[in-house]
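The values are calculated or read from the model by the stated rules, or taken from the named source; none is laboratory data. In this text, all values refer to a predicted model and were calculated from it rather than measured experimentally. Using ideal geometry, Cβ is built from the backbone for each residue, glycine included, and neighbour counts are taken over all protein chains shown.
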Amino acid sequence: MQRTGDDPLAQWRLGSAPYWQPVAGEEQAFEAAAAARLPVLLTGPTGCGKTRFVEHMAWRLQRPLVTLACHEDLTAGDLAGRWLLDAEGTRWQDGPLTLAARHGAICYLDELVEARSDALVVIHPLADSRRVLPLERHGELVHAHPDFLLVASYNPGYRGLHKTLKPSTRQRFTGLAFDYPDAATEALIVAAEGGIERTLAARLVALAGRTRRLQSEGLEEGASTRLLVHAAHLVRAGLPLRAACVQAVAAPLTDDPDLAPVLTGLVHAAFE
């Protein structure tokens, strides 16, 4: 990542306050971890608000937020940095993890369980009491800035796909478990985020509850709060309610030929 002006983290600073509805003391728990300089691991189902929460806390703490989506091709060099060749010769470029550690940002590793093992090893010395990042290729040992905070997330549902974190990684973090909020709170969130009336938001939340109960019947995951917000946006854009829910809720959940008609049926029954 390139520096902007005199602020190496300019592009990582949030421009406005992200919406967040407090649920169960999670803000205070995160602030305590940040004050103690302890890394935080967020767990919870898809679309329940983990990423939005980190954005909210970065704004609340007034720290830049460096976000990385982990995947199986993400290497240690992608995180820490590498040598580049240009017209003037070779130069070192810090990776996003190094930038965050060097200059004091929150580094958020989204879906950490998807990262390669060599990438996970890189974060270990940053995630324990040492708070250092060895840059072996650069011959440098970066001591983390006092404001640096390492945050990661993953969906425990991936365990069914044989994806989980090793104890050597997981036990370096403090943990915050997320889930979908109670129906009244979720309706508040959908109404605020989707720009719709509370009564309609409550009906969308009720639909989500029905889909979540299908997890015991073979559906991998029920409708997330994110999908409900998508449906709300489609309704605001002029799409009929049923069509919006089929497109934003039923269709993204599965392409199983047996379950897809069940979900579509739930939508039609919910909005007769």
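Just so you know, in the stretch 127-142 the residues that are touching a Leu at 6+ places or on another chain (Cβ under 8 Å) and part of a strand (DSSP E or B) include one that is surrounded by the fewest Cβ atoms within 10 Å (Cβ to Cβ), and it is LEU141. A Cβ distance below 7 Å, combined with a sequence gap of six or more or placement on separate chains, defines the contacts here; from the stretch 13-39, residues that are more than 25 Å from PRO146 (Cβ to Cβ) and touching a residue at least 12 places away in the same chain (Cβ under 8 Å) reach residues that are surrounded by 14 or more Cβ atoms within 10 Å (Cβ to Cβ) and among the acidic types (Asp, Glu) in the pairs TYR19/GLU193. Residue count for the stretch 148-201 satisfying the condition of being over 21 Å from ALA105 (Cα atoms) and among the hydrophobic types (A, V, I, L, M, F, W, C): 15. With respect to being within 20 Å of PRO22 (Cβ to Cβ), outside the structural domain of VAL23 (by TED's automatic domain parsing), surrounded by 14 or more Cβ atoms within 10 Å (Cβ to Cβ) and acidic (Asp, Glu), GLU193 fits the description.
For the residues ALA80, ALA100, the requirement of being modelled with pLDDT of 95 or more and of a type in the set (A, V, I, L, M) singles out ALA100.
With a requirement of 1 or more residues that are surrounded by 19 or more Cβ atoms within 10 Å (Cβ to Cβ) and among the aromatic types (Phe, Trp, Tyr), the strands (runs of 3 or more DSSP E) lying completely within the stretch 60-116 that satisfy it span 106-110. Restricting PRO22, PRO18, PRO39 to those that are touching an Asp or Glu at 6+ places or on another chain (Cβ under 6 Å) and of a type outside the set (Lys, Arg) reduces the list to PRO18. The set of residues in the stretch 15-59 being in contact with a helix residue (DSSP H, G or I) (Cβ under 9 Å, 6 or more places away or on another chain), more than 20 Å from GLU193 (Cβ to Cβ), part of a loop (DSSP other than H, G, I, E, B) and aliphatic (A, V, I, L, M) consists of LEU38 alone.
GLU186 fails exactly one of the following numbered conditions: (1) of a type outside the set (A, V, I, L, M); (2) part of a loop (DSSP other than H, G, I, E, B); (3) closer than 20 Å to CYS48 by Cβ. What is the number of that condition? That leaves (2) as the condition not met. Taking the listed residues ALA208, ALA223, ALA202, the one that is surrounded by fewer than 19 Cβ atoms within 10 Å (Cβ to Cβ) and at pLDDT 95 or above is ALA202, with no other qualifying.
Which one of these is out of contact with any Gly (no Cβ under 8 Å at 6 or more places or on another chain) and in the same structural domain as PHE53 (by TED's automatic domain parsing): ASP86, ASP94, ASP78? So that I can check it myself, show each step before the final result.
Numbers: ASP94 fails: out of contact with any Gly (no Cβ under 8 Å at 6 or more places or on another chain); ASP78 fails: out of contact with any Gly (no Cβ under 8 Å at 6 or more places or on another chain).
None of the other options fit; the residue is ASP86.
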